[in-house]
Amino acid sequence: MSRGHAALAGIASVAAALGLAELVAGLIPQAPSLIIAVGDFVIDSVPGWLEQWAIATLGTADKPVLIGGILVISVLLGAALGVLARRWLVLAAGGIALFALLGVVAALADDRNPVVLSVLVGALGAAAGVAVLYTLVVALPSRAVPPEPTADGDAGPTPALSPVDRRRFLAVTGGATVLGVLAGVGGYLLSGRERLNDLRAAIRLPAPVRQAGPVPPGATLDIPGLTPLFIPNEEFYRIDTALRVPVVNPDTWQMEVRGMVDNPFTLTYAELMELPQIEADITIACVSNEVGGDLVGNARWQGVPLRPLLERAGLQEGATQLIGRSVDGFTAGFPTVTALDLEEAMVAVAMNGEPLPAEHGFPARLIVPGLYGYVSATKWLAAIELTDWDVDGYWIPRGWAKEGPVKTQARIDVPRPGSTIPAARRPIAGVAWAPTRGIEGVEVRIDDGPWQQAELAESYDVDVWRQWFLPWDATPGRHVIMARATDGEGEVQTDERTPVAPDGASGYPVIEVVVDG
Ligand SMILES: Nc1nc2c(c(=O)[nH]1)N[C@H]1C(S)=C(S)[C@@H](COP(=O)(O)O)O[C@H]1N2
Ligand SMILES: [Mo]
């Protein structure tokens with residue numbers, strides 16, 4: 001058998017192994033996906049700066065890239081094992097078993113994965129892989145007539161394939177590969193998302209005791225290309241360390257309030273939904289958002305305010321930090337006083353009028369105005385823990401600041417940075433945010449001209465970003481446009497350029513456009 005054929009056989013074996021493992025993982029609710037397990041293991045093992053670099057350069061594509069990388073390595077490994085199998089089938093079979101074992105070890109590193117099911121998934125995958133490899137490398141070719149020895153006496157490790165057998169070999173190889181891929185995709189789709197959407201659709205949100213807004217008509221500007229006041233859920237930025245979105249069943253979900261409190265308690269989803277809820281429009285932002293970036297968004301959130309929950313728990317002396325703990329182990333902590341001071345700080349259950357989407361933390365998450373998400377916005381919330389200030393959330397030992405207040409920022413949306421536009425009278429427009437402080441003014445500077453006051457859309461809530469625009473007679477040539485915001489306390493945003501680490505990017509947004517003559 002040629003090297004090429006052997007490599008194909010190896011790839012088909014790995015496809016069968018991964019496919020069956022993913023299918024089993026999708027069919028049995030608690031069984032882990034080994035691919036996801038390896039990915040999670042990688043995320044947990046890489047240094048913080050590398051993880052942050054991946055988020056910064058790849059954005060939301062970081063997860064597909066990681067999974068893609070794992071698959072590419074698997075295919076290469078499969079090809080190598082196929083070639084190896086020509087002479088040393090047992091060794092190659094051992095390689096497949098080791099490959100599966102690696103996945104099982106990664107799965108067991110996460111103690112949410114049941115041991116028996118993890119081993120089962122790995123064993124079935126390995127068995128499928130070895131079976132396909134044996135069939136293709138041994139069973140099929142052995143029916144072929146052994147070839148005449150060549151001049152140098154080397155007949156090859158396994159017999160060459162006759163034309164008929166070659167066709168049969170390619171059919172079986174292709175079939176195994178296609179079946180493996182289909183099983184893998186099927187398993188991924190079966191992994192609980194569909195069922196979750198049915199559960200979400202059945203939820204009826206209670207009417208809030210305090211409503212957000214109302215949003216005055218003047219709060220939105222009608223300028224093509226300008227970011228809307230509310231970002232639809234499907235378009236809302238998403239940042240988290242979760243490779244597979246946690247699928248949390250609201251019927252079994254519970255949230256604990258515990259730690260340095262006199263009366264720790266637990267709430268079921270039904271109990272949480274019976275508590276008085278508020279609604280609030282809040283702009284949230286990621287500390288990894290570059291100046292001019294889009295890891296920021298505004299939504300209407302609904303949920304149970306934190307303060308009454310903390311009062312019920314009874315804060316102990318020294319409980320200076322509130323830590324949100326996710327079902328996946330992620331943690332984020334911020335000063336307890338923030339939760340007591342801000343009426344809008346909440347355990348959110350809804351986003352823009354519907355139960356939280358799975359990607360944004362279903363069934364419940366924390367939302368705190370004015371704090372970056374990495375210290376506050378824990379999704380898939382499992383517990384609220386009251387601690388002293390010494391306990392650190394997930395990102396703190398990875399090089400990020402302990403406190404994460406959102407920096408005042410403006411962004412230029414129109415004209416598109418780097419675009420070429422016709423010479424005409426047209427608006428320069430964007431959004432600016434300083435949650436909890438509000439935006440009082442935005443100024444724009446074109447080339448070396450003076451700072452000009454932009455027109456602001458009407459403000460109705462300090463926690464919500466504000467749209468702004470400046471009419472501009474665009475003259476032919478290349479232009480540099482910058483902007484800066486002033487918050488509700490009269491503080492102009494700093495022009496000092498800092499990177500996103502450790503506490504958020506600062507500096508004026510600057511864009512360049514070319515105006516056609
Ligand atoms: N469980 C969990 N919650 C999390 C995170 C995470 O990695 N895991 N990331 C946080 C960060 S860094 C941000 S910026 C916000 C983003 O929320 P969004 O994805 O709904 O926009 O979620 C926060 N909550
Ligand atoms: Mo973030």
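Each reported figure results from applying straightforward, stated rules to the coordinates on display, with no laboratory input. Remember, it's a predicted structure, so these values are computed and weren't measured experimentally. Positions of Cβ are generated from backbone atoms using ideal geometry, with glycine treated the same way; all protein chains shown enter the neighbour counts.
For this structure, a couple of remarks:
- Listed by chain and number, the aspartates and glutamates placed with their C-alpha closer than 14 angstrom to that of Lys402 are Asp388, Asp390, Asp392, Asp503; residues fewer than eight positions away on the same chain are left out.
- On full extension, the segment bounded by Leu50 and Val116 gains 20.4 nm, given 0.36 nm per residue less the C-alpha separation.
- Restricting the GluC sites (Glu not before Pro) of the stretch 421-499 to loop positions (DSSP other than H, G, I, E, B) with no more than 16 neighbouring Cβ atoms within 10 Å leaves Glu458, Glu489, Glu491, Glu496.
- Only DSSP H runs of four or more residues enter the estimate; each adds -39500 (n - 2.57), and after division by the residues of the chain the mean residue ellipticity at 222 nm equals -11000 deg cm²/dmol.
- For a paramagnetic label modelled on Val105 (point 7 Å from Cα along Cα→Cβ), amide N atoms under 16 Å away belong, within the stretch 27-45, to 34-35, 37-45.
- Total charge dipole magnitude, the stretch 1-130, about the Cα centre, Cβ charges on Lys, Arg, Asp, Glu only, Debye to nearest 20: 620
- Computed over the stretch 3-191, relative contact order equals 43 percent, with contacts defined as Cα pairs under 8 Å that lie 6+ residues apart.
- Check: the chain dipole with +1 on Lys, Arg Cβ and -1 on Asp, Glu Cβ, in debye: 2300
- Order of Val119, Val90, Val500, Val442 - criterion: other Cβ atoms within 10 Å of each residue's Cβ, fewest first: Val90, Val119, Val500, Val442
- A full extension of the chain between Asp388 and Gln316 corresponds to an added length of 24.9 nm, given 0.36 nm per residue minus the alpha carbon distance.
- For the stretch 440-493 versus the stretch 314-372, the gap between their alpha-carbon centres in whole angstrom: 32
- Inter-label distance, nm, simple model (7 Å from Cα along the C-beta direction), Ala127/Arg167: 3.4
- FRET efficiency, 1/(1 + (r/R0)^6) with R0 41 Å, evaluated for Thr475 and Leu71 via beta carbons: 0.20
- Local electrostatic count at Arg416 - Lys and Arg +1, Asp and Glu -1, tallied over other residues with Cβ under 13 Å: -1
- With respect to the chain, whose longest principal axis is taken over its alpha-carbon atoms, helix 48-58 is tilted by about 90°.
- Pair Leu58, Leu275: separation of 7 Å Cα→Cβ label points (nm): 3.7
- Ranking Phe99, Gly186, Ala61 by Cα position along the charge dipole of the stretch 3-191, where only Lys, Arg, Asp and Glu carry charges on their C-beta atoms, puts Gly186 farthest toward the positive end.
- The chain - percent relative contact order, Cα under 8 Å, separation 6 or more: 14
- When the chain is reduced to its Cα atoms, the Kirkwood hydrodynamic radius in Å: 26.1
- Basic side chains Lys and Arg get +1 at the Cβ, acidic Asp and Glu get -1 at the Cβ, and with that the dipole of the stretch 409-516 about its Cα centre reaches some 420 debye.
- Between Glu343 and Trp88, the contour length at 0.36 nm per residue exceeds the Cα-Cα span by 85.0 nm.
- Fewest-first sequence of Ser13, Ser326, Ser459 by Cβ atoms within 10 Å of each Cβ: Ser459, Ser326, Ser13
- Which of Thr498, Thr420, Thr408 has the fewest Cβ neighbours within 10 Å, and the rest in rising order: Thr420, Thr498, Thr408
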